[in-house]
Amino acid sequence: MTSSNEEISKPKSGGLTLLFDADDTLWENNIYFERAIAAFISYLDHRVHSPEEVREHLNLCERATIAAHGYGLKSFRRSLVDCFEQLSDEPITPEKHGRIIAFTEAIAAQEIELLPGVEETLRELCRRHTLILVTKGNVEEQTDKLQRSGLRPYFSGVEVLAEKNPAAYAALLEKHQLDRSKTWMTGNSPRSDINPALAVGMNAIFIPHDFTWVLEHEVVDQPGAGQELLELSTIRELLSRF
Ligand SMILES: [Mg+2]
């Protein structure tokens, strides 16, 4: 587990610890990747494979890249180049390589767009409870997005994990000395936010996003005895519950 911040949070009056995912929970993220992928597929303009087939192949490339190199823009760029080379008959030219890089640079240049209600909800919740940001990906990229979002002051701690699996959540409980029954994980991804948090005994709040990344799709598990799972349509609904 990597962390951009070594603060250990102190309890607040509400007594709960609320963990928040970032991408597609606090701010838009996947839509920029989808735009880049659409541009890539249209640029590739494959004579044999349909756009759906190219997309399927890109998903395979992304799984392989992430397993070897982790999440982040560099991995995404590598996946696009791999996909291009594997589906093309000829090796990639510098000109084509440059075009592919440009698709990913558009993502890096993107302004942070907070999802509706995020700023006021966190501002209020951080007075009542301890908030910790729990994201995965490249430490530098995620930390930079958090700084640019303006949301950093609302969090007592920030964790950028290589993967959000049960072992990572268990380590987080240990590190922050959290009571799992008083800890809630909020996020848009069943695979990374909800199921692994439930697996280690936390409560969870699922806020679906219409454009959640296909690699994050999974059926939401049922909570165990004594655990709670809420499904909300917007983050604002947290204010009446917490
Ligand atoms: Mg997310």
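List of remarks:
Residues checked against (1) of a type in the set (Ser, Thr, Tyr); (2) more than 16 Å from residue 34 (Cα to Cα); (3) in contact with a Lys or Arg (Cβ under 7 Å, 6 or more places away or on another chain); (4) not assigned by TED's automatic domain parsing to the domain that holds residue 39:
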residue: 54; (1), (2), (3), (4): no, no, no, no
residue: 57; (1), (2), (3), (4): no, no, no, no
residue: 64; (1), (2), (3), (4): no, yes, no, no
residue: 69; (1), (2), (3), (4): no, yes, yes, no
residue: 72; (1), (2), (3), (4): no, no, no, no
residue: 83; (1), (2), (3), (4): no, no, no, no
residue: 87; (1), (2), (3), (4): no, yes, no, no
residue: 90; (1), (2), (3), (4): no, yes, no, no
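- Yes/no for residue 171 being open to solvent by 50 Å² or more (accessible area, probe 1.4 Å), among the hydrophobic types (A, V, I, L, M, F, W, C) and over 30 Å from residue 110 (Cα atoms): no
- Being touching a residue at least 12 places away in the same chain (Cβ under 8 Å), more than 13 Å from the chain's Cα centre (by Cα), within 18 Å of residue 242 (Cβ to Cβ) and not in a loop (DSSP other than H, G, I, E, B) is a description that does not apply to residue 148.
- Residues that are touching a residue at least 60 places away in the same chain (Cβ under 8 Å) and open to solvent by less than 10 Å² (accessible area, probe 1.4 Å), drawn from segment 189-210: 189, 192, 193, 197, 202
- Scanning segment 126-142 for residues that are outside any strand (DSSP E or B) and either in contact with a strand residue (DSSP E or B) (Cβ under 6 Å, 6 or more places away or on another chain) or away from the ligand (no atom under 16 Å from the Cβ) (or both) turns up 126, 127, 128, 129, 139, 140, 142.
- Of the candidates 85, 113, the single residue that is among the acidic types (Asp, Glu) and more than 16 Å from the ligand (Cβ to nearest atom) is 85.
- Among all positions in segment 12-19, there is at least one residue which is open to solvent by 50 Å² or more (accessible area, probe 1.4 Å) and part of a loop (DSSP other than H, G, I, E, B).
- Some residue of segment 142-155 being β-branched (Val, Ile, Thr), at negative phi and open to solvent by less than 10 Å² (accessible area, probe 1.4 Å): no
- Tally of residues being over 17 Å from residue 139 (Cα atoms), of a type outside the set (Gly, Ala, Ser) and either modelled with pLDDT under 90 or part of a loop (DSSP other than H, G, I, E, B) (or both) across segment 60-90: 2
- Residue 17 modelled with pLDDT of 95 or more and more than 16 Å from the ligand (Cβ to nearest atom): yes
- Qualifying residue in segment 105-119 (condition: more than 30 Å from residue 38 (Cα to Cα), assigned to a helix (DSSP H, G or I) and out of contact with any Lys or Arg (no Cβ under 6 Å at 6 or more places or on another chain)): yes
The values are calculated or read from the model by the stated rules, or taken from the named source; none is laboratory data. The model shown is predicted, which means the values in this text are computed figures rather than measured ones. Quick reminder, even Gly has a Cβ in these numbers, built from the backbone with ideal geometry, and neighbours come from all protein chains shown. Quick note on the areas: whole protein, heavy atoms, side chains included, nothing else; ligands and nucleic acids left out. Shrake-Rupley method; radii C 1.70, N 1.55, O 1.52, S 1.80 Å.
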